[in-house]
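We did not get these values from a lab; they are worked out from the coordinates using the rules stated. It should be emphasised that the depicted structure is a prediction, and the values quoted were computed from it without experimental measurement. Every residue, glycine as well, gets a Cβ built from its backbone with ideal geometry; the counts of neighbours run over all protein chains shown.
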Amino acid sequence: MTNNPFRRPASTDHTSNDRRCGAATVEFVLTLPIAFLLFFGAIEMTRLNSVRNTADNAAYEGARRAILPGANKDSVDKEALSILDAGSIRHATITMEPATIDSSTERVTVTVAVNMNRNSWVAPVYSKDLTIRQSCTLSREQALSTGTSAVSSGNNGNGGNGRRGG
């Protein structure tokens with residue numbers, strides 16, 4: 001019979017190999033939950049950051065829409081929801097202060113609130129019962145009234161002497 005160098009010699013004493021196999025199984029069983037915890041925790045934190053950034057962007061875009069002349073709550077909601085839909089965020093609450101925009105409104109605040117229980121990719125552990133709120137406040141754009149000039153008279157940038165170049 002030829003000796004095969006790749007074949008383990010026949011032996012009846014397998015105790016050291018059996019012990020090492022058992023130790024590897026125990027190590028695997030002890031480290032697997034930790035590895036899963038880190039893996040799914042990283043996924044949850046990634047989604048949390050994604051939702052936070054998307055909610056912030058939706059609040060900003062909603063506020064940008066709100067400061068334009070003729071804006072109303074429906075147009076603000078539509079703008080913010082289009083951003084939230086792009087980020088696969090559902091069941092968000094969009095509020096606007098003041099609720100009605102008129103000619104005397106100087107500032108508009110749009111707030112987007114997202115519940116993480118309904119927007120997580122995995123079962124939420126770290127973000128359970130967490131609501132992300134992002135707000136943006138902008139000053140309204142006011143249309144110039146007729147008869148008002150955007151350029152002031154008098155000083156035209158040349159020292160007020162009325163001459164050019166000198």
- Packing-based exposure ordering (other Cβ within 10 Å, fewest first) of Ser88, Ser75: Ser88, Ser75
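Decide, for segment 36-97, between rounded, prolate and oblate: order the square roots of the alpha carbon gyration tensor eigenvalues as a ≥ b ≥ c, take rounded if a/c falls under 1.5, and otherwise choose prolate if a/b is larger than b/c, else oblate.
On the way: a/c = 3.80, a/b = 3.24, b/c = 1.17.
Cα axes put segment 36-97 in the prolate bin.
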- Around Arg47: net Lys/Arg minus Asp/Glu count, Cβ-Cβ under 14 Å: +3
- Query: What is the fewest-to-most order of Leu48, Leu32 by other Cβ atoms lying within 10 Å of their Cβ?
  - Reply: Leu32, Leu48
- Message: Please arrange Val29, Val76 by how many other C-beta atoms lie within 10 Å of their C-beta, fewest to most.
- Response: Val29, Val76
